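This is the structure I want to talk about, given as structure tokens.
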Amino acid sequence: AQAPVVGIDAVAQQLDEVCLYLCIWGEAGNVRFMPELLLFVFEAARQYYLEARRSPIAIDPYTSVRGDDEGRDGAEGPNPGDFLVFIIRPIYNKIFGETFTWNSNTHKPVFKFPGAAPKHVLNYDDINEIFWDTRLMKKALLVGDKPGQPLLEAVGASDRPQLFPWLCEVRWNLVTSRNAKMYWETHSWFPLFASFGRVYVLHFIAFAACLAYRGHLAWAFVGLPAPACSVVIELAAYLLCKQHTYAEFFWTTSSTLVMVGLPVATFVQAARETDFFEASKVDHLDPLMLAHYIASGLSALFFLVSTISPQTGFRPMIRRSVLHLISSFLFWAGVFAIKCSMSIFVLLPATTRATDGVPEVKFAGPTWQIVNHVVLWMPVGLSFITETAFYQTLLIGTIGPVLAAFRFGFRTLCGAYRRGKG
């Protein structure tokens, strides 16, 4: 609820606002998929009807688009359904027209495109994101004769109650809206890489570390998953997202190349010096090996931390306290500690025994042997990734009751449990 209006009871005003929002929401239909737009309409309607309550006569906000002579048989005030016809339906028609046309013979919508919609087509999210930024609203919501005047400029700060009647005359500048589109609509694997980048980096590093601990890999390989994953993740993000400046693109590309190049360069040099990490020639205290380990650690830290904040700076960031960040870090450190321990002492030894038991095919070449081991190890990698949810649930079920007991007291929890059972 907004600040109380002078002369109106605060509780009555809150009840009016709840009822008004429910009326708008009930008429919105598919426009409910655009919550920011819906709240903008609600605020315009709220200010208009607060002003209308002070007026001694009924006010019709739709007169400018419907005309004075089209009322309810000469009755004052708007017609039932005017809100749907003059405000909601034009918004929906704009979105509908992006991907569908209306077949007047069958009276059914027809999809415009033979296959999937092109990546530049607007959808509900794109129209909704306009209402995140007043600068975009001034470009996309125009009123008056062409080229038009921004809606927010046509309605001054001192004349906010007139914003709602002006909504009936809004012309959507879809060219500007399309330029404000944040993400391309692509049907590919890119969203999967871009959305879960840190998950892949963290799991691949942990899996490589477990293999190195069991002696299946040299420790130098643990530094390669982070830069290898980051190249795919950054590429996927930039193929999806179009809202970035040249400065952001230059900075992100440069920093990514540096953080990819350092561990790869030190790895190649260390591999040359040790005959590809032959056990008798590997010295972990050697300056070259130490340089590779330091570069690998900085690279992994960079890619894990830098993906926390949005690349474009357009989406609002979530503010978290230091205590919340520390507790989250300790929780996930515990999850991966249990996960890696189980993999090192249970999963990998069982896999080693299984692979050692597979006889070598004498007549097959080295390529077949590589394929054979990849096929045997692939389920191990998939199992390593998918079991994270199990250990997460296990730790939540273990730590949650303990923290609750410290916070509320053991007796309180026992009493609540008994009452629940009873």
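Can you tell me the length gained on complete extension of the stretch VAL375 to HIS324, counting 0.36 nm per residue apart and subtracting the Cα distance?
14.2 nm
Students sometimes get this wrong: rank TRP132, TRP251 by accessible area, probe 1.4 Å, all chains present, largest first.
Working: TRP132 85, TRP251 170 Å².
Largest accessible area first, the list is TRP251, TRP132.
Where does each of PHE384, PHE250 land when they are ordered by accessible area, with a 1.4 Å probe and the largest first? Please list the in-between numbers first.
Details: PHE384 0, PHE250 145 Å².
Ranked from most to least accessible, the order is PHE250, PHE384.
Please calculate the 1.4 Å probe accessible area of ILE344, with all protein chains present, and give it to the nearest 10 Å².
About 20 Å², ignoring ligands and nucleic acids.
Quick one: accessible surface of TYR62, probe radius 1.4 Å, all protein chains present, in square angstrom to the nearest 10.
Surface accessible to solvent at TYR62 totals approximately 10 Å².
The values are calculated or read from the model by the stated rules, or taken from the named source; none is laboratory data. Only a predicted model underlies this, so the values are computations on that prediction, with no experimental measurement involved. Protein only, heavy atoms only, side chains kept; ligands, DNA and RNA dropped before computing areas. Shrake-Rupley method; radii C 1.70, N 1.55, O 1.52, S 1.80 Å.
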